[in-house]
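**Student:** Sharing a structure with you now.
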Amino acid sequence: MTAVEPADAQDSLSEPFLVRHLVALGLAVEYVRAEGNILYRRGADGAELPVLDLVGGFGATVLGHNHPELTRYAAELLDARTPVLAQFSLHPWADDVARKLNAVLHREFGTDEPYSVIFANSGAEAVEAAVKHAELDRVMRVEALRREVEDGVREARTAVRGGAALDPAARAALTAGSAGVAGGDGLQDAEALERLVREVAEADAPHWDAPPVFLAAEGAFHGKLVGSVQLTHNAAFRAPFRALAAPCRFAPLDRPGRLAELAREERRTVSALTVADGVVGVTARELPRVGAVVLEPVQGEGGIREVGPEFAAQAARTAEEAGCPVVVDEIQSGMGRTGAFFASSLVGLRGDYFVLAKGLGGGLAKAAALLVRQSRYRPEFEMAHSSTFAKDGFSTRLAGRVLDLLEADGGALYRLARDTGERLTARLEGVRNDFKDVVKDVRGRGLMLGVEFHDPAAAGPPALQEHVRAGTFGYVLSGYLLREHAVRVFPTASATSTLRIEPSVHLSEAEMDQAESALRGLCRVLRDGDGDRLLAG
Ligand code: F0G
């Protein structure tokens, strides 16, 4: 295939560094049309050249590019001059989406508890809405505890005025903690109580104001905005921005128990005064500290890693013990790709919150949503949070239509995703069996698949070794597949040797043939150590 690169790609002003990289890797291609699983580029003679797209808009085109029913509907909406932006008015179409999502939750999790829906424009924005909602909830719980502690102080003062004594243990602690000052033993109860109130307030002050800590899985990807990037495990994305948002701690997927350990390590208590049987004592009260436990049921950007039922169960347990919500990030795994609408339903993990994006807008609109179960929903959030374009008339109507398509015929598309995924997986496993020295692993669920490659032998071409060191090996493989086989597939920045395969549910047998033969061609070149062929172009 002849590559026709935009003449000025080298001088791009939009992300110039990235574009130069794409040029160097043979990936600087302009697509001029898209349909189903095919993106079209223009050949030297001006004709369109089809490219099989296995990237699928980073997982967003669950229904394929420009699904005919959706493009027709989108055109109708524009023709009819449908209001797109009418904030602070009734949005029956947004409500329709919320009702449809609730019906899916009811079916897949068997729950009758309604979930309230907050709309957003992107995945990271929905994750940040979840983080903010969880923090509003935590802060409100902290404030409720603070009021209880203040009430306790008032009750203790009244009780001491009425003749109640200070608990000896509290007095002893006071003595020990008041070096150089007259010991608690020598004080009247009223004076000792005031000292106790002061010392407790001083000791607890940093705890009351401490930021929350979030818990997530190693390999997690939850976005790249200021707050969400702290939940993303890859240090290259996260670490430079550590000072900007609440921190997150990560547990390895194969050690679920680590989640509980982390929650224990982060546990903080404050002291509350209590009056019982005429004695004023001090009890430790647990401060709401963990903001949320956040989890993708199948990690995407982290290299396609399924979260096992044990880890999922531990995430739910840890959240419950810490009194915080479990946030299930279905931005990539959701919307039917794995064979169910919610991949989490396949491991029995019902989120207190869910986040959706990518496929929700049908590949045409930017739509995202945060779902919060009623028992944890804070209506105050609706005034605390807003976003000009969220919940707009165009994207929510399209989202409603996307949900209709997914839910049609008793969930035929979920079965299609599962069956197509199984057939594609069988082919990928076949490639691995024939090229065990080249392909390290095939994994995933439904149409969320990953093919991991062994690093090329150290004796291989030095130019290839350089790409391995630079983390661009997977992009070299992508360049080869595009150039030689007209197949578009990418690794991720966090799993540089794994190609992520996320076609639409309508992947045909012929497209599977093409994908398989392209991968076999790549494996042969890798086995032969033919660096020149891989890097040509
Ligand atoms: N959560 C998950 C699970 C994601 O996969 C992504 C994005 C996001 C959140 C953030 O969404 O990009 O709309 O702000 N994943 C892309 C990827 C970038 O490569 O998998 P966003």
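**Student:** Lys and Arg at +1, Asp and Glu at -1: add these up for the other residues within a Cβ distance under 11 Å of residue 122 and post the number. List each step's numbers first, then the result.
**Tutor:** Numbers: positive: 224, 358, 366; negative: 125, 128.
Overall, the nearby charge balance is +1.
**Student:** For residue 365, what charge total do you get from the other residues with a beta carbon under 12 Å from its beta carbon, if Lys and Arg give +1 and Asp and Glu give -1? Let's see the in-between values first.
**Tutor:** Working: positive: 358, 366, 391, 397, 401; negative: 392.
Local net charge: +4.
**Student:** As a test of the formula, what do you get for the chain when each DSSP H run with n ≥ 4 contributes -39,500 (n - 2.57) and the sum is divided by the residue count, at 222 nm and rounded to the nearest 500 deg cm²/dmol? Let's see the in-between values first.
**Tutor:** Working: 16 runs with 230 residues, N = 537.
Here the helix-only value at 222 nm equals -14000 deg cm²/dmol.
**Student:** Based on alpha-carbon centroids, what's the gap between region 428-466 and region 401-420 in Å, whole number please?
**Tutor:** Distance between centres, Cα-based: 31 Å.
**Student:** Could you grab the relative contact order for region 290-412? Cα pairs under 8 Å, six or more apart, rounded to a whole percent.
**Tutor:** 20 percent
**Student:** For 15, 218, 330, what's the fewest-to-most ordering of other Cβ within 10 Å of each Cβ?
**Tutor:** Values: 15 10, 218 16, 330 29.
Ascending number of Cβ neighbours within 10 Å: 15, 218, 330.
**Student:** Note the angle between two axes, namely the Cα long axis of helix 509-527 and the longest principal axis of the Cα atoms of the chain, as a number of degrees from 0 to 90, rounded to the nearest 10.
**Tutor:** Value to nearest ten degrees: 90.
**Student:** Quick check: the distance between the Cα centres of region 479-499 and region 215-289, to the nearest angstrom?
**Tutor:** Value for the Cα centre distance between the two parts: 36 Å.
**Student:** Once you have the Cα-Cα distance between residue 320 and residue 241, take 0.36 nm times their residue separation minus that, and quote the gain in nm to one decimal.
**Tutor:** Values: separation 79, 0.36 × 79 = 28.44 nm, distance 2.91 nm.
Computed gain between residue 320 and residue 241 is 25.5 nm.
**Student:** Sort 224, 440 by Cβ crowding within 10 Å, fewest neighbours at the top. If you can, show how the numbers build up before the last one.
**Tutor:** Working: 224 17, 440 14.
With the fewest neighbours first, 224, 440 line up as 440, 224.
**Student:** In square nanometres, what is the average projected area of the Cα convex hull of the chain?
**Tutor:** On the way: hull surface 125.1 nm².
Approximately 31.3 nm², given one-decimal rounding.
**Student:** Tally Lys/Arg at +1 and Asp/Glu at -1 over every other residue whose Cβ is under 12 Å from the Cβ of residue 78; what's the total? Write down the numbers at each step before the final one.
**Tutor:** Details: positive: 72, 81, 397; negative: 76, 79.
With Lys, Arg at +1 and Asp, Glu at -1, the neighbours total +1.
**Student:** Follow-up question, since we're still on this one. Give the whole-number value, in cubic angstrom per residue, of the convex hull volume spanned by the C-alpha atoms of region 1-103.
**Tutor:** Numbers: hull volume 19.3 nm³, N = 103.
Given the Cα convex hull of region 1-103, per-residue volume reads 188 Å³.
**Student:** On to the next question. Gain in length, residue 198 to residue 264, computed as 0.36 nm per residue apart minus the alpha-carbon separation, to one decimal in nm?
**Tutor:** Details: separation 66, 0.36 × 66 = 23.76 nm, distance 2.75 nm.
Between residue 198 and residue 264, full extension yields an extra 21.0 nm.
**Student:** Rounded to two decimals, what is Rg over Rh for region 359-427 when you use alpha-carbon atoms and the Kirkwood radius? Intermediate values should be presented prior to the final figure.
**Tutor:** Values: Rg = 16.6 Å, Rh = 14.8 Å.
The Rg/Rh ratio comes out at 1.12.
**Student:** Based only on other Cβ atoms within 10 Å, what is the fewest-to-most ordering of 70, 54?
**Tutor:** 70, 54
**Student:** Turning to a different aspect of this structure: Of the beta bridges DSSP finds with both residues in region 175-324, what % are antiparallel, to the nearest 5?
**Tutor:** Numbers: 10 of 16 bridges.
The antiparallel proportion sits near 60 percent.
**Student:** I need the calculated FRET efficiency for the pair residue 441 and residue 520, taking r as the beta carbon distance and R₀ as 22 Å, to the nearest 0.05. Can you show the working numbers first?
**Tutor:** Numbers: r = 17 Å, r/R0 = 0.77.
After rounding, the FRET efficiency stands at 0.85.
**Student:** Within the chain, count lysine pairs with alpha carbon atoms under 17 angstrom apart where the residues are 8 or more positions apart or belong to different chains.
**Tutor:** Details: 100/391; 132/224; 224/358; 224/366; 358/366; 358/391; 366/391.
Here the count comes out as 7.
**Student:** Let me ask you something else. Going highest first, how would you order 151-162, 123-134 by mean Cβ packing within 10 Å?
**Tutor:** Values: 151-162: 15.9, 123-134: 26.4.
Descending packing order for the listed peptides: 123-134, 151-162.
**Student:** Moving on to the next point. Report, in degrees rounded to the nearest 10, the 0 to 90 angle that the Cα long axis of helix 189-208 makes with the longest principal axis of the chain.
**Tutor:** The angle comes out near 10 degrees.
**Student:** For region 115-393, give the share of DSSP beta bridges that are antiparallel, in percent and rounded to the nearest 5; count only bridges with both residues there. Could the numbers behind the result be given before it?
**Tutor:** Details: 20 of 34 bridges.
Of the beta bridges lying entirely in region 115-393, close to 60 percent run antiparallel.
Every number in this text was worked out from the coordinates using simple rules, so none of it is lab data. Bear in mind the structure is a predicted one, so any value in this text is a computation, not a measurement. As a convention, Cβ positions derive from the backbone with ideal geometry for all residues, glycine included, and neighbour counts pool all protein chains shown.
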